[in-house]
Structures are given as C-alpha cells and as structure tokens.
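Take a look at the structure below.
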Amino acid sequence: MIRRFLTSQLFVSTRFVSQYYSKKKILVPSRLGVTPGNQHLQVNLFDDENKQSLGRMSLNEAQKLAKFRELILVLFDESHDPPDVRLMTGKNLAHIRDETRANKKRELSNEKIADFALRLRPHIADKDLLTKLANAKAAYAKGCSIRFSLDFGHSIDEKETEKLAARADDQKAFLARLKPHLEEFPKVHTNSKSVRSIILIVPSKLLAEKSTKKTDKSADVQQGEAAEEESKSIDIEDKNINISRNIRRKSMIVLKRFYTRPILRRILYPYRTNATTTQRKSDPFNIEYDPIKQAIIYPPELIIQNKKYPTDSWTNVNGHILSRIGQNLHQRKNHPLYHLTNRLRQHFYQYYDPRKLSPKFSIIDDLRPIVTTEQNFDSICIPADHVSRTKTMNYYINKNTLLRAHTSAHQVDLMRSGLNAFLCIGDVYRRDHIDPTHYPVFHQCEGVQLFNKEELFIENRNVRGDKDYLQIFGPNEYRDATKQEGHTLEAVKLVEASLKKTITDLFKNLFPNAATLNSRWVDATFPFTHPSWEYEIEIDGKWYELLGCGIMEHSVLENSGLSKDHIGWAFGLGLERIAMIMYGIPDIRLFWSNDSGFLSQFAFDDSTRAVRYKPISIYPQCINDLSMWMGKTIIDPSDFHDLVRTIGGDLIEQVVLIDEFYNAKKQRHSQTYRIIYRSMDRTLTKEEINMIHKDIEYHCKQQFGVEIR
Ligand code: DAH
C-alpha cells in the first residue's frame with residue numbers, strides 16, 4: 001500500500017515516450033498530501049530548516065506540523081522504512097526539484113534516446129503520408145521511439161450514434177491504409193484510443209537492443225554508433241509535426257532566444273507585461289505567480305491610482321485588468337466611445353428645465369470605478385446570495401471592494417447628492433467569456449429620472465383635467481406583474497411612458513434609419529427595478545439587446561434618503577455594443593487599439609457625423625486547442641478565460657470550451673478549450689503563438705494542477 005501510494009507520487013511524466021518505454025522514473029522530491037487512506041502511515045521526519053531529525057511519526061502528525069510552521073512536507077527517500085520525509089520551505093523544494101529534474105534529464109539524454117512524434121489525419125494525401133513515414137523511419141533508424149497520433153477531429157457526443165459509427169469506420173479505414181507501412185516497424189503498440197484520436201507507439205530500437213544484447217560487445221559498439229547518429233538526429237524535423245516533443249524542445253530554445261533578443265522582446269512586451277508569473281517582475285502592481293504555492297501571490301496592499309487597498313482571500317484582480325483603470329476611453333478625443341458619449345450628452349441636454357434655466361439631466365462621467373460591495377450590490381437591493389456577487393463574475397480588490405460591475409453602483413450616491421435626473425457614464429469590469437463582442441472591461445451609461453407628484457401629474461401636459469385625485473402612492477396598493485406595492489398604477493404607467501419615450505427618442509437620434517428598424521420591449525427582471533424591460537432592435541434579421549431598464553424599486557430611493565414622495569425610472573446601456581452597431585465595428589477589442597488605422601477613422605470634431613468603420617485589413621486567425629485532465633477540481637471556464645487573457649493579452653480573440661467529459665475508467669474529468677489567436681494589427685508568427693500557448697499550458701498546470709493531454 002505504502003509503496004503504491006508513494007510510487008504514484010513519484011512517477012512523473014509517463015507521457016514522455018522514451019522515458020515510458022525505458023520504464024524510467026524521474027525521482028523528484030514530491031510534496032506529500034494526506035488522504036484518509038494514508039494518514040496513519042509512519043514516516044521519518046527531518047527538519048530541513050534546522051537540520052535536525054524529528055523522529056518517527058504518522059503522516060497526519062507530520063502534516064499538522066508542516067501546516068503549523070507553514071512549511072512543505074516532502075517525500076525524500078521512499079526506499080527507507082519508514083520513508084524519509086522532510087520539512088522544507090517552498091524555495092528549497094523548487095531548487096531541489098529543478099536540480100533533480102535537470103540531472104535526470106541529463107542522464108536520459110546521455111542515453112541518447114529521443115522521441116519522434118507525428119500527427120496524421122485521415123484525409124492526408126498519399127504523397128504526404130509517404131514523406132511523413134519516411135521521416136519517421138529515418139528517425140527510428142537513428143534510435144528514436146516513434147509516436148503516431150492519428151487525429152480524427154472533434155469528440156462526438158455519445159448520443160450521436162450515427163456520427164460515432166461513421167467515425168469508427170473512418171478509424172478502421174485509416175488503420176487499414178496505414179497497416180502495410182507500419183509493418184515495417186518490428187513493434188507497434190496502441191497507447192490510447194478514443195473517438196478523437198488513436199496513439200500508436202513504436203518503441204526505440206536502442207532500448208530493445210539494450211535489453212536483449214546487454215552483454216554482446218558488438219551490439220554495444222553498434223549502439224554506440226547509433227547513439228552517435230542520434231545526436232545528429234536532433235535535426236530531423238518534419239514540418240507538419242504538430243505535437244512533437246522534439247519540436248517542443250526546439251521551441252523552448254527559440255523561446256529563450258526570444259527573451260534575450262531585445263527587439264523581439266520589445267515587440268512582445270505589450271502583450272506580456274501584465275501576465276502574472278515569477279519571471280514577469282515588471283508587473284507594476286507586484287502581483288506574482290508562485291509556482292510552489294501554485295497560486296497568485298498578491299502583495300499585502302495593492303496601490304491603485306495612488307490609493308492603497310489591503311488584499312485578502314477575495315482578491316482576484318490582475319495587472320491586465322488593473323492597467324485599464326483610468327484609461328477612460330469615453331473621454332479620449334477621437335475615440336468612437338467619445339463620440340457616442342458626446343451624442344448622448346447632446347441628446348439629453350435638449351431636455352430643459354425651465355425652472356432651473358438649465359438642462360434637466362446632469363452628466364457624470366468621471367467617477368472612479370473602484371467601489372464598495374455596498375455600492376455595487378447592497379445599495380440597489382441585490383440580495384446577499386445573488387450569483388452576480390460571486391468571485392467568478394467580478395474583479396474583487398478585497399472582500400469589500402471591487403471594480404464596479406455596472407454603473408448602477410452609483411445610482412444611490414448620485415440621488416443622495418440631490419440629483420433627480422442624470423446620466424452616469426464609465427468603465428465597468430466583469431469576468432466574462434471572451435469573444436468578439438465580450439471583453440472584461442466595457443463602458444456603460446446609466447440613466448435615472450425621478451418624479452414627484454407635481455412633475456408627474458400637474459406639469460404633465462399629457463394628463464388633462466382635474467389632477468388632484470392622482471397620487472403616486474396609495475395605502476392599499478399591492479405588488480403584481482405591473483407594479484410594486486405602494487405604487488398606484490397611474491403613476492407607474494406615466495413613468496413607464498416617460499421611460500419608453502426617452503429611450504425610443506434616443507435611438508431615433510442615434511440611428512438615422514431607426515424608423516426602418518424593428519424594435520421591441522421584452523419583459524425582464526432586475527433586482528433594482530420592477531417592472532423591468534429590455535429594449536431590442538432587429539438588424540439583418542438578428543435581434544440585439546441594447547439596454548435594461550425599469551421602474552426603480554422604491555427601496556433604492558429609500559436607500560438614498562428619499563421618502564415616499566418620488567418615483568423614478570432607470571436604464572443601463574452598454575456603449576460598446578451601440579458603437580459597434582452605429583459604426584459597424586466588428587470586434588470589441590478594437591476599442592482598445594492604439595492603431596492609427598483605427599483611430600484615424602474617428603478623427604473628427606462633429607460627433608454627429610455618420611461614419612462606417614472600414615476594416616484596416618484582415619489578419620489570419622490561428623486556432624490552437626488545449627485538452628486537459630482536470631486535477632482535484634474542475635476548472636471554472638471564467639478562471640480559464642482570465643488566465644488566457646492574462647497571458648495572451650489582446651492577441652486572444654476567442655476562448656471556447658468545446659468539449660467536456662468524464663472518463664469513468666480513469667475517474668477523471670476532461671476539458672478541451674479552443675483558443676483563437678488573432679492580432680488586430682499584424683500577422684502573428686507560429687513561434688509567437690506557440691510561445692504563448694506553451695505559457696498558457698504551463699500556467700494551467702501550475703495554477704489548476706491539470707495534466708495536458
Ligand atoms: N445594471 C444592469 C446591467 O449592468 C443594467 C440595468 C438594467 C441598469 C436595468 C438599470 C436598469 O438601471 O434599470 O446589466
């Protein structure tokens with residue numbers, strides 16, 4: 001039992017084909033975890049820090065001690081009975097691990113065993129197949145083990161029986177086509193088989209020779225020759241190989257070169273500065289990734305715009321996101337969001353208040369996006385257990401402070417300051433999925449108008465006759481689908497009419513062809529309004545939701561100190577979405593572009609000018625999939641999106657979870673994500689993308705404990 005447990009802890013990297021076939025274990029000191037099954041195991045504990053033996057004890061006790069002293073429990077020598085276990089600092093463990101791994105790798109490479117991996121797809125042309133096989137044979141002759149991965153495309157749902165049957169036929173046919181070629185290898189094992197792929201392994205000739213002819217001198221000579229040849233075989237390169245170990249090693253070399261070449265580093269710098277690794281010390285917020293603790297390490301305080309915020313277990317912001325604060329695209333001259341903000345301003349300024357001799361609506365567009373949970377949620381009646389409060393949906397600075405998820409966060413403060421009609425415009429932050437229309441930072445405009453009895457009934461030209469009997473509040477009013485408790489239906493209907501007229505007027509102004517567009521009001525639910533609606537317009541047969549709105553919950557007014565004499569409407573609209581439709585901008589990331597090709601198209605003073613964005617040019621997408629076996633926990637896609645965005649920055653166009661399943665035999669969960677890379681302003685090189693992709697793989701392993709498939 002103990003052996004099995006320990007061995008499983010120590011057996012690292014069976015995926016490396018030649019190691020697998022040489023049955024080599026890389027013995028790397030391993031952290032020890034305590035499970036109910038092993039808690040009573042006796043171990044010999046050594047205190048590495050104070051260099052003293054702590055004697056024999058149960059693994060459970062050792063673990064407690066480690067926890068108490070904030071050290072790591074490391075299995076050191078399993079051959080002793082009881083096994084040697086040490087208490088270490090993470091730093092020391094990392095050091096020893098790296099050294100042991102490096103030694104072992106060196107040892108393995110001294111044995112001159114290399115891998116050669118190649119991927120074959122069923123529609124490969126005969127000519128290409130023969131070239132690939134010829135390369136494989138050459139590599140085999142030089143002592144490589146060969147890994148064929150036959151790739152049949154996407155996974156198929158078990159319920160899609162017809163597709164499954166067709167896939168099985170494809171696999172059979174392809175294997176039959178390969179068979180005559182594979183017969184030239186003495187041994188071919190099927191390593192794994194699934195609907196997606198079949199992995200075939202040809203063990204290295206050297207290993208076979210080594211084990212059978214250990215004492216044969218001539219064989220040794222032969223092997224020596226082969227080994228010598230193999231050292232040249234590093235040059236064997238199949239251009240079509242995708243997941244080749246050799247290539248991987250090569251790309252690591254390329255990677256190093258990238259880091260040390262100043263020009264390339266400068267090109268890549270903007271995309272990498274904010275990623276959180278230990279190497280990237282350049283993070284201005286001192287957020288770092290600790291590979292030992294396998295966690296993002298935050299400093300005790302984050303300094304954002306010269307203000308200090310203590311961090312805690314809720315902190316989940318990253319440098320990439322924090323660097324957006326203060327950019328205020330909506331205030332940047334010649335930016336599409338600036339023009340849109342101007343148009344909103346112009347439109348709402350036309351509503352005039354004759355009593356104050358000034359515009360009715362105040363426009364506030366410079367409030368800091370760092371708010372309290374009270375502002376973002378409690379003040380507008382979002383319940384304590386509402387999903388919108390979770391860490392997976394928001395960027396928290398600490399338990400009580402976050403980057404506002406909507407401009408509604410300022411409703412109560414602005415009403416309390418005495419405003420009764422206002423727009424509040426600003427950047428908002430959400431941990432969202434990534435695609436051409438979603439970005440973790442975008443801009444919103446909140447609109448609020450309050451009415452007292454006079455404004456609603458007496459001054460309202462649409463209400464004729466004796467108005468004295470009309471009231472906003474009544475003692476016997478109950479809540480139903482049309483209104484809140486306390487509100488009279490006539491008050492609600494007048495406010496609803498005002499809201500809907502304001503919004504339709506606005507869109508008539510923004511879209512010159514609004515009269516020809518279909519639009520509709522869809523019933524909706526928000527914690528801060530009742531009744532609530534969404535406004536949608538139809539463009540080219542597709543319905544676009546432009547905003548959410550409704551009659552403000554009276555308790556929101558109460559939170560701002562207003563008593564039972566006011567009623568109001570509110571709306572919240574997303575600026576990017578409207579600008580994308582108005583100007584025909586195809587991708588939300590363009591709003592963050594500093595490319596003059598983009599900005600120059602908006603370089604004009606008259607914000608009412610009708611322009612259509614002309615794409616600068618279309619650069620190719622590059623699609624890379626990432627399949628992983630989950631570790632202890634299943635990755636939440638929003639965590640994955642965040643990590644990808646942190647590492648790849650704006651080169652990430654889209655991230656989609658394309659496949660997820662549970663393998664009952666292995667008792668493991670698998671997820672496959674498709675990452676689409678595309679730069680908005682240049683063609684990306686394969687090396688560049690590989691480098692980022694490798695980085696993502698590495699950090700996934702570190703952060704989520706996954707195994708890349
Ligand atoms: N705050 C909502 C959001 O971000 C939008 C919204 C809906 C704002 C309804 C409102 C409203 O003021 O009444 O999704």
| said: I'd like to know if region 649-657 contains one or more residues that are in a helix (DSSP H, G or I), open to solvent by 50 Å² or more (accessible area, probe 1.4 Å) and outside the structural domain of Tyr395 (by the TED database). | reply: no
| query | Using beta carbons and a limit of 8 Å, which pairs, at least six apart or on different chains, have the first residue in region 370-392 and open to solvent by 60 Å² or more (accessible area, probe 1.4 Å) and the second one aromatic (Phe, Trp, Tyr)? | reply | His386/Phe377; Lys391/Trp314
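Conditions (1) outside the structural domain of Leu423 (by the TED database); (2) open to solvent by less than 40 Å² (accessible area, probe 1.4 Å); (3) at pLDDT 95 or above; (4) away from the ligand (no atom under 16 Å from the Cβ), marked per residue:
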residue: Ala491; (1), (2), (3), (4): yes, yes, yes, yes
residue: Thr502; (1), (2), (3), (4): no, yes, yes, no
residue: Asn509; (1), (2), (3), (4): no, no, no, yes
residue: Asn513; (1), (2), (3), (4): no, no, no, yes
residue: Thr516; (1), (2), (3), (4): no, no, no, yes
residue: Ser519; (1), (2), (3), (4): no, no, no, yes
residue: Thr529; (1), (2), (3), (4): no, yes, yes, no
residue: Trp533; (1), (2), (3), (4): no, yes, yes, no
residue: Glu538; (1), (2), (3), (4): no, no, no, yes
| task | Considering only region 189-204, state which residues are open to solvent by less than 70 Å² (accessible area, probe 1.4 Å) and in contact (Cβ under 8 Å) with a residue 24 or more places away in the chain. | result | Ser194, Val195, Arg196, Ser197, Ile198, Ile199, Leu200, Ile201, Val202, Pro203, Ser204
| note | When region 352-369 is checked residue by residue, the ones that are in contact (Cβ under 8 Å) with a residue 24 or more places away in the chain, open to solvent by 60 Å² or more (accessible area, probe 1.4 Å) and over 38 Å from the mean Cα position of the chain (by Cα) are Lys360
| Just one of Gly447, Gly418 is buried (at least 23 other Cβ atoms within 10 Å of the Cβ) and more than 25 Å from the chain's Cα centre (by Cα); which is it? | Gly447
| note | Log entry, pairs with first residue in region 533-548 being under 11 Å from Ile581 (Cα atoms) and among the hydroxyl-bearing types (Ser, Thr, Tyr), second being open to solvent by 40 Å² or more (accessible area, probe 1.4 Å) and more than 10 Å from the ligand (Cβ to nearest atom), beta carbons closer than 8 Å, six or more apart or on different chains, reads Tyr544/Glu538; Tyr544/Arg577
| remark: Filtering region 463-485 down to residues that are out of contact with any helix residue (DSSP H, G or I) (no Cβ under 6 Å at 6 or more places or on another chain) and more than 24 Å from Thr529 (Cα to Cα) yields Arg464, Gly465, Asp466, Asp468, Tyr469
| note | When every residue in region 566-587 that is within 16 Å of the ligand (Cβ to nearest atom) and in a helix (DSSP H, G or I) is compared, the one farthest from the chain's Cα centre (by Cα) is Ile578
| request: Inspect all residues belonging to region 399-410 and state whether any of them is part of a helix (DSSP H, G or I) and more than 26 Å from the chain's Cα centre (by Cα). | output: yes
| said: Among (1) more than 16 Å from the ligand (Cβ to nearest atom); (2) surrounded by fewer than 12 Cβ atoms within 10 Å (Cβ to Cβ); (3) within 25 Å of Phe451 (Cα to Cα), there is one condition Lys542 misses while meeting the rest; what is its number? | reply: (3)
| remark: If we ask which residues in region 421-437 are open to solvent by 10 Å² or more (accessible area, probe 1.4 Å) and not polar (S, T, N, Q), their number turns out to be 6
| query | Restricting region 9-47 to residues that are buried (at least 18 other Cβ atoms within 10 Å of the Cβ) and at pLDDT 80 or above, which is nearest to Asn191 (Cα to Cα)? | reply | Val43
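The values are calculated or read from the model by the stated rules, or taken from the named source; none is laboratory data. Here the structure is a predicted model, which means the values were calculated and not measured. Reconstructed Cβ throughout: ideal geometry from the backbone, glycine too, with neighbour counts over all protein chains shown. Please note that ligands, DNA and RNA were not included when accessible areas were found on the heavy atoms of the full protein model with its side chains. Shrake-Rupley method; radii C 1.70, N 1.55, O 1.52, S 1.80 Å.
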